[in-house]
Amino acid sequence: MKKVVIVGGGIAGLTVAKTLLEGKMQAEITVVNSAPHYFAGPSRPLVLTGEQSLDRIVRGYEEVARRGVKVVVGTVYSVDPANRRVRLVGGYVSDGGVRELQYDYLVVAPGVALDGSQITGYDKHRGNVLNVYDPGRVKLLRDKVWSAERGTVVVYAPKAPYRCAPAPTETALLIDAVLRHRGVRDKFRIIHIDANDKTQPPVIADVVGEIYKKQGVELVTSQEITEIGESYVVTRSGEKYQYDILAMLEPNRAPKFVAEAGLGGQWVEVRSPQDLRHPKFDDVLAAGDAAGLPFPKNQEIAFESALFAANKILEMEGLQHRASVQYAFLGWAYVGNPEGRLQTLSVMFGLDFTTQPPKPSKDPQPKREYTERKDAWEQSYLKNLFGH
């Protein structure tokens, strides 16, 4: 029986596993995830306003295991593609946590690593760096936004691509809404510093810009943060910004084992968006945010890339099943609430990559309906892949 090892138990990794099962592949499928749970991404910013709770977006792997997928909790630190071996540490084992798995097919789908190592002062002041990307830091950010009485909030977006393109603008506008709800917005400055020439995703940059002007959010573009101090950040141009609350997303990259294994640099190399095999290894594929694709890094692209990866494995195994897939998506970006109500509005946007150049679409009118639609979309993914 063939052995398939999938590094990463998120949307991409579980979609690969589920599609292989649907394709009737006779294989031992093992998913390696660094945590015993999955923390869903799209609605994390709503934790700031209290409209989302962790119990609705955190899932365990019990139902996944019942489907016949072996789930191993551990952190992959080494891949040996020449000898088809994956090494990991941690998890629920009695030998100290060091393990080795062999594979016939390896799917690399670990998501992104947040890397602030090139920012001066990052190691010393990392405790000040909050964002909406992990449960601990989003809780601290929420607590600060709800308790501070005055000050300056700095929100930072690194150079694209990074996971969940609208998350920094969502963070800024949801913080704005909370402060308005509390009646203290006039005692705060909110400054969004962006390493890109416009806010992400570009298709709604004009919409976000207009909302920022109305809400009094200051925008600084084309500036990377290169230094963090106890209460300030410095950009590459030398500008210094004081902060009381720092909501900063670090630059994104694939985990270090990717480069150390010769599978890529910042991202895992692939042959094409439709053929997600590594250029040197037929048995190594990538999917999700870690794959070097010319697309935004979001849940829908992670899902679609996983379908392409699974289809390629099924093809190589001589099986007939193919999941229907193309690269195109609709998304929704939270834009807060100008009246300070904790009923977040959203705008809709989309990109269709089946045409060249890609065809953008958007509805610039903020609507509560879009927030609700985003929630239903996220919950449907969780139920489909995690069973609840």
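The table below gives the values:
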quantity	calculated
Members of segment 290-323 found to be closer than 20 Å to Leu263 by Cα and touching a strand residue (DSSP E or B) at 6+ places or on another chain (Cβ under 7 Å), listed by number	Ala290, Ala291, Gly292, Lys297, Ser305, Ala309, Lys312, Ile313
Residues that are free of Cβ contacts under 8 Å to residues at least 40 places away in the same chain and among the hydrophobic types (A, V, I, L, M, F, W, C), drawn from segment 1-26	Met1
Criterion violated by His192 - all others in (1) under 28 Å from Ala35 (Cβ atoms); (2) crowded, with 23+ Cβ neighbours inside 10 Å; (3) not aliphatic (A, V, I, L, M) satisfied	(1)
Which listed residue, of Met316, Met348, is open to solvent by less than 60 Å² (accessible area, probe 1.4 Å) and of a type in the set (A, V, I, L, M)	Met348
Within segment 1-78, strands (runs of 3 or more DSSP E) holding 2 or more residues that are more than 30 Å from Leu173 (Cα to Cα) and within 20 Å of the chain's Cα centre (by Cα)	2-7, 27-33
Of all residues in segment 351-385 being aromatic (Phe, Trp, Tyr) and open to solvent by less than 40 Å² (accessible area, probe 1.4 Å), the one that is nearest to Ala328 (Cα to Cα)	Phe353
Tabulated pairs, segment 133-146, first free of Cβ contacts under 8 Å to residues at least 24 places away in the same chain, second open to solvent by less than 40 Å² (accessible area, probe 1.4 Å), C-beta under 6 angstrom, 6+ apart or interchain	Arg137/Leu130; Arg137/Asn131; Leu140/Leu130
In segment 302-313, the residues that are open to solvent by less than 10 Å² (accessible area, probe 1.4 Å), closer than 15 Å to Met25 by Cα and under 21 Å from the mean Cα position of the chain (by Cα)	Ala309, Ala310
Residue in segment 191-200 that is touching a Leu at 6+ places or on another chain (Cβ under 8 Å), free of Cβ contacts under 8 Å to residues at least 40 places away in the same chain, in a strand (DSSP E or B) and within 20 Å of Thr49 (Cβ to Cβ) present	yes
Residue satisfying condition, being under 24 Å from Lys297 (Cβ atoms) and more than 15 Å from the chain's Cα centre (by Cα), within set Val132, Val145, Val138, Val155	Val155
Hits in segment 131-170 - residues which are in contact with a helix residue (DSSP H, G or I) (Cβ under 7 Å, 6 or more places away or on another chain), in a helix (DSSP H, G or I) and not basic (Lys, Arg)	Pro135, Val138, Val145, Trp146, Ala167, Thr169, Glu170
In segment 255-266, residue surrounded by the fewest Cβ atoms within 10 Å (Cβ to Cβ) [restricted to those that are touching a strand residue (DSSP E or B) at 6+ places or on another chain (Cβ under 6 Å) and within 24 Å of Gln200 (Cα to Cα)]	Gln266
Residue check for Pro168: touching a Lys or Arg at 6+ places or on another chain (Cβ under 7 Å) and either crowded, with 24+ Cβ neighbours inside 10 Å or in contact (Cβ under 8 Å) with a residue 40 or more places away in the chain (or both)	no
Search result, residues across segment 82-96 that are surrounded by 18 or more Cβ atoms within 10 Å (Cβ to Cβ), assigned to a loop (DSSP other than H, G, I, E, B) and modelled with pLDDT of 95 or more	Arg84
Any chance Arg99 is out of contact with any helix residue (DSSP H, G or I) (no Cβ under 7 Å at 6 or more places or on another chain), in a helix (DSSP H, G or I) and either among the charged types (D, E, K, R) or more than 30 Å from Gly340 (Cα to Cα) (or both)	no
Filtered residue count, segment 268-277, keeping only those that are crowded, with 22+ Cβ neighbours inside 10 Å and assigned to a loop (DSSP other than H, G, I, E, B)	2
Selected residue (criterion: farthest from Tyr162 (Cα to Cα)) from residues of segment 110-129 that are over 16 Å from the mean Cα position of the chain (by Cα) and open to solvent by 50 Å² or more (accessible area, probe 1.4 Å)	Lys124
Of the criteria (1) open to solvent by 50 Å² or more (accessible area, probe 1.4 Å); (2) within 30 Å of Ser361 (Cβ to Cβ); (3) not acidic (Asp, Glu), which one Val217 fails	(1)
Search result, residues across segment 278-292 that are assigned to a loop (DSSP other than H, G, I, E, B) and over 19 Å from the mean Cα position of the chain (by Cα)	His278, Pro279, Lys280, Phe281, Asp282, Asp283
Meets criteria (closer than 19 Å to Gly262 by Cα and either hydroxyl-bearing (Ser, Thr, Tyr) or assigned to a loop (DSSP other than H, G, I, E, B) (or both)) for Gly111	yes
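The values are calculated or read from the model by the stated rules, or taken from the named source; none is laboratory data. Computed from a predicted model, the values in this text were never measured in an experiment. Virtual Cβ from ideal backbone geometry, glycine too; neighbours counted across all protein chains shown. Heads up: the accessible areas ignore ligands, DNA and RNA and are worked out on the full protein's heavy atoms, side chains in. Shrake-Rupley method; radii C 1.70, N 1.55, O 1.52, S 1.80 Å.
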